[in-house]
Amino acid sequence: FGVIITPWDVNVRLPFQNSAQLPDFGFGATLKYIPESPLILLGSPNASRLEFGEAAVSFNLNYLDLNTLELAAGLDFEDFKIVLKGSEGDGFLNKILGDKEQIIESDLGLSWSNISGFKFKGGGLALEIALNKHIQLGPLAIEELIIAIKSLSGNTAGVEISAGANLSLQLGPFFAIAEGLGVSLKTKFEEGNVGPFDMRVGFKPPKGLGLFLETAAVKGGGYLFFDHDNHKYAGVAELSIKDKIALKAIGLISTRMQDGSKGFSMLLIITAEFTPINIGFGFTLNGVGGLVGIHRTMLLDVLRTGVKTGAIANILFPVDPVKNAPALIASIGSVFPVAQGRFAFGIMGKFGWGTPTLITIDLGLIIEVPNPVRFAILGVLRVALPSEDTKTIRINVNFLGLSLIHISE
């Protein structure tokens, strides 16, 4: 082992190896302060304040190559909190902030080196304040104002400040709502269009959009969910025509595949329930439906669990889909997640027996292709005695049959 120093280079000779470049190395020290309880920098306990849990000061000397020596220093705060308490302010602040404490929590830090200069570090920042203020502007109403602050994800630290509103519009029998529509200001702590910062102002699309209609002949509505950060979109719709035909639709769309790459996947479930049609022997056909999944797979273990929890009823003729939209979408999405190259198709039927109807059976057959081919027969059996209107005795049975076939090539 040896170190060879020449006027033009420094090399290390390791046993059984030729000369190699001197590896990077450095020396440093960190002083850490850990108080027994959070230390208040500004303010007082039980009031608005700045506080932190731990603090550290670091110094480092790093050898990068023969001509580069880096001197670095840093100051870091862990469990740093900005606590806002509206109850101590006037009526306006109290209405904005509410009686509870609003907390902005993050790990903050500042570093400097003779090579990279100053850098700001931060993460986990999140705060949302809702001002419940009903403002009527003709047919348009501002139901709620929302101010949010959150840290930006990525290699560069930054903060996004957004202002949005929940709006509603009433025009005769037509009613619409939009959730979170507004503007946002994104600031990155890097050199950009404002000197040492990069600032962008843009339109903030809504997180949800609902449409509802109620007339003598047609009644129904739907809701669309937008998750722009995760590239996921979903919708639920329900429409009743003269109380004789009930149409329901559930759709899930993703523009990201399971590995994070760009792509497209879709799941669509459509059902129609109508006045019972007699098909013989006391049985009636009460509804039909279909399922299409593009780049979606069917998780059999989740389906098995759904037999116990009743989740399979969300696939077969769900009840009040608009009212139960969040739970319904989450349940169906867990059964049929995104999977490149997998396709699912299904048919469904709703049957009844008796006059009035004493027994209803919801049946579905789902096939997933290509190889291996998966089959699932699922159903829900309901018995109501002496009738559906006066249910002295009610029995619910969920059942599932699965098959897996490998096709030899």
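Brief remarks follow.
- Members of segment 132-151 that are in a loop (DSSP other than H, G, I, E, B), within 16 Å of Leu171 (Cβ to Cβ) and modelled with pLDDT under 80: Gly138
- Gly401 fulfils the conditions (1) open to solvent by 20 Å² or more (accessible area, probe 1.4 Å); (2) small (Gly, Ala, Ser); (3) closer than 23 Å to Leu252 by Cα; (4) over 21 Å from the mean Cα position of the chain (by Cα) except for a single criterion, (3).
- Residue, least open to solvent (accessible area, probe 1.4 Å), within segment 42-81, restricted to residues that are part of a strand (DSSP E or B) and at positive phi: Gly43
- Note on segment 262-271: residues that are within 20 Å of Ile329 (Cβ to Cβ) and either in a loop (DSSP other than H, G, I, E, B) or free of Cβ contacts under 8 Å to residues at least 40 places away in the same chain (or both) amount to 4.
- Within segment 194-209, considering residues that are part of a loop (DSSP other than H, G, I, E, B) and open to solvent by less than 70 Å² (accessible area, probe 1.4 Å), the one nearest to Ile250 (Cα to Cα): Pro206
- Evaluation of Val302 against (1) in a helix (DSSP H, G or I); (2) exposed (fewer than 14 other Cβ atoms within 10 Å of the Cβ); (3) within 21 Å of the chain's Cα centre (by Cα) (one fails), failing number: (2)
- When Ala339 is tested against (1) of a type in the set (A, V, I, L, M); (2) within 28 Å of the chain's Cα centre (by Cα); (3) surrounded by 19 or more Cβ atoms within 10 Å (Cβ to Cβ), just one condition goes unmet, and that condition is (3).
- Residues (modelled with pLDDT under 70 and hydroxyl-bearing (Ser, Thr, Tyr)) located in segment 47-102: Ser87
- Residue selected from segment 305-330 under the condition assigned to a helix (DSSP H, G or I) and among the small types (Gly, Ala, Ser), by the criterion nearest to Glu238 (Cα to Cα): Ala325
- From the list Gly352, Gly333, Gly289, the lone residue that is in a helix (DSSP H, G or I), at pLDDT 90 or above and either open to solvent by 10 Å² or more (accessible area, probe 1.4 Å) or not aliphatic (A, V, I, L, M) (or both) is Gly333.
- Search result, residues across segment 247-262 that are under 27 Å from Ala313 (Cβ atoms) and under 15 Å from the mean Cα position of the chain (by Cα): Leu252, Ile253, Ser254, Gln258
- Segment 18-41, residues that are part of a loop (DSSP other than H, G, I, E, B), over 25 Å from Gly117 (Cα atoms) and modelled with pLDDT under 75: Asn18, Leu22
- For segment 179-193, a residue qualifies if it is open to solvent by 70 Å² or more (accessible area, probe 1.4 Å), over 19 Å from Asn166 (Cα atoms) and assigned to a strand (DSSP E or B), and the qualifying residues are Lys186, Lys188.
The values are calculated or read from the model by the stated rules, or taken from the named source; none is laboratory data. Everything numeric here is computed off the predicted structure, so don't read it as measured data. Ideal geometry is used to build each Cβ from the backbone, glycine not excepted, and the neighbour counts take in all protein chains shown. For the accessible areas, the whole protein counts, side chains as well, though only heavy atoms, and no ligand, DNA or RNA atoms are used. Shrake-Rupley method; radii C 1.70, N 1.55, O 1.52, S 1.80 Å.
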